[in-house]
Amino acid sequence: MPTVSVVIPTKNRPETVRCAIRSVLNQTFGALEIIIVIDGPDLPTEMAMRSLSDPRLKVVVNPHNVGLAESRNIGVRYAQGKWVAFLDDDDEWLPAKLAKQIQVAEGIGTTHVFVVSRFLERTDTMERIWPEMLPVDTARFSEYLFCNRGMLLPSSYLVSRQLMNDVPFTAGLRHIEDLDWLLRATSDPRTRIGSVPEPMLIYNNYPRPDRESRSFPWQIFYSWSVQHRALFTPLAFSLFITKGVVPRAREAGASWRQLSHLLSAALFLGSFDIRTVFFFVASSCFTREFKRKAREALLFRFGVSSRRRRS
């Protein structure tokens, strides 16, 4: 029986998913199975999977597209391991990823555990190790994410199967399913979190034509946050609105009346804090692309980026 079940959802990415699978097969920890969930009919990816002969590989083809969240849930339902690890089909693990996380997870010694790590982010212009700060516990977890610039990737998660059974991803939720799961999982009083300080994976954050999250309606992010406001502290809710919703609304052509409504929601449903106003001004005046380029320039200027990448 495998100790770890690795779940990799995929769709229309036969080459990148093969790279992701190779990074799993190269793990120093070998007691694993790999569950590939192809999200709907996809003959090129099915053919690519048939060319891989490793007995630890299982392929599940959804009869129709159900989305990333439910594809992960389907993979968990097929899992036999005590632990479940997720890997996005365009990311890659470093060889010691599972071995180091298993050591941390087994040391926590409870039923509802997840372990994360830092990651190496690569873009067209730079690379960096992120996040600066790892979580130390699950208390006020929304503030870790939105007040302390925390960022966790699903490709870094190692989760006890018991936790995944009790807190699955929300089926049908798109583009915010990772945040939704994190906040619900950490709000469960049984959950304990651990971390590996070294970067254990490569996050290939290159522009892709099949990424649609940037164009996803901002109203859905807003309505989700209001509906689940109890998962946030007041300050974290305010900063999610001004740092997460307002930039999307601005780029979608929202009127100043709509942007003002978002600011009012951030202030009166969340926390009346100067940081809320600051991020609202920054988000409503500058595009995310401008802020991204400015941030990368600063990172490179102060030596955070290890090397300048060719465009």
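Every number here is computed from the coordinates shown, using simple stated rules; none is lab data. Remember, predicted model here, so these are calculated numbers, not experimental data. Every residue, glycine among them, receives a Cβ derived from its backbone with ideal geometry; neighbour counts consider all protein chains shown.
Here are the numbers for the structure shown:
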quantity: Amide H within-cut-off set for TYR203, under 5 Å, with H built and near neighbours excluded; calculated: LEU120, GLU121, ARG122
quantity: Cut-off under 5 Å, modelled amide H: who pairs with GLU198 long-range; calculated: ARG118
quantity: Amide N proximity, the range 1-35 versus VAL60 label position 7 Å along Cα-to-Cβ, cut-off under 14 Å; calculated: 5-10, 33-35
quantity: Theoretical FRET efficiency, 1/(1+(r/R0)^6), r = Cβ-Cβ of ALA230 and ARG149, R0 25 Å, to 0.05; calculated: 0.60
quantity: Among SER195, VAL104, GLY172 the positive-end extreme of the charge dipole of the range 4-204 (Cβ point charges); calculated: VAL104
quantity: Relative contact order (%) - criterion: Cα under 8 Å, at least six apart; region: the range 213-293; calculated: 36
quantity: DSSP beta bridge pairing in the range 4-204, given as percent antiparallel to the nearest 5; calculated: 30
quantity: From phi via Karplus (6.51, -1.76, 1.60), per-residue ³J(HN,Hα) for the range 128-140 in Hz, x at Gly/Pro; calculated: 8, 9, 9, x, 5, 10, 9, x, 10, 7, 9, 5, 6
quantity: PHE268/ASP166 FRET efficiency (R0 35 Å; Cβ-Cβ; nearest 0.05); calculated: 0.55
quantity: Full-stretch length increase - PHE216, SER187 - with 0.36 nm per residue and alpha-carbon distance subtracted; calculated: 7.8 nm
quantity: Full-stretch length increase - THR110, VAL277 - with 0.36 nm per residue and alpha-carbon distance subtracted; calculated: 56.0 nm
quantity: Karplus-derived HN-Hα couplings along the range 228-238 (A = 6.51, B = -1.76, C = 1.60, θ = phi - 60°), whole Hz, x at Gly and Pro; calculated: 10, 4, 5, 7, 9, 6, x, 5, 5, 4, 4
quantity: Test item: Cα-centred dipole of the chain, Lys/Arg +1 and Asp/Glu -1 on Cβ, debye; calculated: 740
quantity: Cross-link partners of LYS58 among aspartates and glutamates (Cα-Cα below 12 Å; sequence separation of 8 or more within a chain); calculated: GLU33, GLU46
quantity: For the range 110-132 and the range 1-74, distance of Cα centres in Å; calculated: 21
